[in-house]
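The values are calculated or read from the model by the stated rules, or taken from the named source; none is laboratory data. Please read these numbers as outputs of a predicted model, since none were measured by experiment. All Cβ positions, even for glycine, are placed from backbone atoms using ideal geometry, and neighbour counts span all protein chains on display. All accessible areas refer to the heavy atoms of the entire protein, side chains included, with ligands and DNA or RNA removed. Shrake-Rupley method; radii C 1.70, N 1.55, O 1.52, S 1.80 Å.
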Amino acid sequence: MSEAQPIVVKTIAELKEAPEEFREAVAKLVISHAINELYGAQVFDEPAIALAPTPYAKWLTCRVAMEEYGHHVRFKQLGEQIGIPEARMVPSDSKRPLSIFEFPLKTWEEFVTIKLLADLAEILQVEDLLHCAFHPLRNLARATMPEERFHAQFGEDFAAELVKTPEGKARLQDAINRYFPYLPAFFGGSKSRNNETFRKWGIKLRTNDDMRADFLNRAREVTAKYGLTLPEYQAAA
Amino acid sequence: MTAIDPHLDEVRDAIATASWFAAVGEPWTAADRSDAESYILALRLGALHVAVARDWHDAARITQDTGWSTAWWDAEERQRHALMADAERRFDRHAVMTALSTVMATAGELVHGRAALAATRAGIADPALTRVAAGAATMACHQVALAMIAQAPQTHPFHVKFRLFASGRWPLCVVGDSLYVL
């Protein structure tokens, strides 16, 4: 990796003076977050309102859906401020969301699994941005993080409810077994050039493999808390 | 087709001026009871009593009661689908969806803040419960916005339900033969 002089971009106005590679890397990240937050709200959170077992769970899910949509709005606003056309920040044929959203949501247990594990994966991604060299993006990550943590806690709280009965625990374990395989790929390829560029400019800190390893440890830890296990994962050679 | 904007302005004003959760824990009034009874009638839920939840803890317990009435939820969903069909007869679908998204985005933050404030005043520090309240209120905003866009009469259950929220109450759910309101 070629050495870049570390830079800190404190404002949107300063970004215009930043190297092109830095600006493009920031734009890629903003677009990715804007699309995936919207898609997640549309394919998981909104449909989950109907699957939720009580009014309490339905309204909580409704609020969580609004917060996820709100994250999309925040990333989109930042994108517009740095000159990204709106059309590039919504899902389209040319801008597909990540593969984790291809899971067809059918049950409440699946949704609880998604909050428990996919939102944990999202926390790791946002954690890396908490030190981002582009401060408006760092600040956005700081604003988003408490809500992301709450969403993962939502997954834990409802997991704790479900494992109280053997039937509930079996259904949740089954959902984990089916959904978990989608998750490791969420962190990107081991030799990702995008990740290399992000780290070169201090936009992100960790390699995709480091984040994936951290996620696997934390996911094992959180599932074990509730007597659950993760299916075997074999890293790509 | 007529413009959707005047309806949206009306919705925004109603949401901004509502007394979200301000009357929770306050004495129950005849007007509150009348609105709750009108809501039951408008949804055609049959013979139900109006029951008052004591406090936020009671609301959390009632809304997690596994004996809650899915018929009540389904009745609201039928109303929502019917209003959506009406709205789409008056305006183009994209305009309706955009209007509803705009209302929800504004309302979501506002009602969450009001719910958190009211809960804090009552000594409740439960981020999940305040989100539950905010979710219920946001859904009521969505429903009343749809009712306004579809030009439903003021007797429509979503207008009546919104009036309960606007007066500082929280209509919870139906359990057994009772509609619970906080």
Total Å² of accessible surface buried at the B-A contact, 1.4 Å probe, nearest 100?
-> 1900 Å²
Which whole-number value in Å² is the accessible area per residue of the range B:62-179, probe 1.4 Å?
-> 38 Å²
Under a cut-off of 27 Å between alpha-carbon atoms, report the lysines in cross-link reach of A:Lys106, not counting same-chain residues fewer than 8 places apart.
-> A:Lys58, A:Lys95, A:Lys115, A:Lys164, A:Lys169, A:Lys225
Taking amide H positions as placed in the peptide plane 1.01 Å from N, state which residues far from B:Ala51 in sequence (5 or more) or on other chains have amide H under 5 Å from it.
-> B:Leu179, B:Tyr180, B:Val181
Within chain A, what's the longest run with no trypsin sites (Lys or Arg not before Pro) in a DSSP loop and at most 15 other beta-carbon atoms within 10 Å? Give the range, please.
-> A:17-94
When all protein chains stay in place, what accessible area (Å², nearest 10, 1.4 Å probe) is found for A:Val43?
-> 40 Å²
Relative contact order (percent, whole number), the range A:1-91, Cα cutoff 8 Å, 6+ residue spacing | 35 percent
The range A:98-237: relative contact order in percent, alpha carbon pairs under 8 Å with at least 6 residues between | 31 percent
Any idea what log10 I(q)/I(0) is at q = 0.09, 0.12, 0.13 Å⁻¹ for the protein assembly as shown, Debye with uniform C-alpha scatterers and no solvent?
-> -0.61, -1.04, -1.17
Zero-based 5 Å bins, Cα pair distances in chain B, whole percents = 1, 8, 18, 21, 20, 16, 10, 4, 1, 0
Under a 1.4 angstrom probe, counting protein chains only, how are B:His94, B:His142 ranked by accessible area, largest first?
-> B:His94, B:His142
Using the Karplus curve 6.51 cos²θ - 1.76 cosθ + 1.60 with θ = phi - 60°, work out ³J(HN,Hα) for each residue of the range B:83-89 in order, rounded to whole Hz, and write x for Gly and Pro.
-> 5, 4, 5, 4, 4, 6, 6
For chain A, what value does the Rg/Rh ratio take when both radii are computed over Cα atoms and Rh is the Kirkwood radius, given to two decimals?
-> 0.98
Would you kindly state the longest site-free stretch of chain A, with sites defined as GluC sites (Glu not before Pro) in a DSSP loop (not H, G, I, E, B) surrounded by at most 15 other Cβ atoms within 10 Å?
-> A:18-231
Do you know the relative contact order of the range A:146-223, to the nearest whole percent, from alpha carbon pairs under 8 angstrom that are 6+ apart?
-> 21 percent
So, with a 1.4 angstrom probe, what is the percent of accessible area on the range A:100-202 that is carbon and sulfur?
-> 51 percent
For A:Gly188, the residues 5 or more places away or on another chain with a placed amide H closer than 5 Å to its own amide H are none
From most to least accessible, 1.4 Å probe, no ligand or DNA/RNA atoms counted, B:Ser38, A:Ser190 line up as A:Ser190, B:Ser38
Provide A:Tyr69, A:Tyr226 ordered by accessible surface of protein heavy atoms (probe 1.4 Å), highest first.
-> A:Tyr69, A:Tyr226
Crossing angle, helix A:208-225 versus chain A [Cα axis fit, 0-90 degrees, rounded to tens] | 20 degrees
What residues in the range A:57-80 lose 10 Å² or more of accessible surface when the other protein chains are added to their chain alone (1.4 Å probe)?
-> A:Lys58, A:Trp59, A:Leu60, A:Cys62, A:Arg63, A:Met66, A:Glu67, A:Tyr69
On Cα atoms only, tilt of B:127-149 relative to the major axis of chain B in degrees = 30 degrees
Give the long-range amide H neighbours of A:Val9: residues separated by 5 or more places, or on another chain, with amide H under 5 Å away, using H modelled in the peptide plane at 1.01 Å from N.
-> A:Phe134, A:His135
Hull surface over four for the Cα convex hull of the range A:119-237, reported in nm², is 7.5 nm²
Counting Lys and Arg as +1 and Asp and Glu as -1 over every other residue whose Cβ sits under 11 Å from the Cβ of B:Phe165, the net charge comes to +3
Karplus ³J(HN,Hα) for the range A:58-67 (6.51 cos²θ - 1.76 cosθ + 1.60, θ = phi - 60°; Hz, whole; x = Gly/Pro) runs 5, 6, 5, 5, 4, 5, 4, 4, 5, 5
With a sphere of radius 13 Å drawn around the Cβ of B:Thr29, what net charge do the other residues whose Cβ falls strictly inside it have (Lys, Arg +1; Asp, Glu -1)?
-> -1
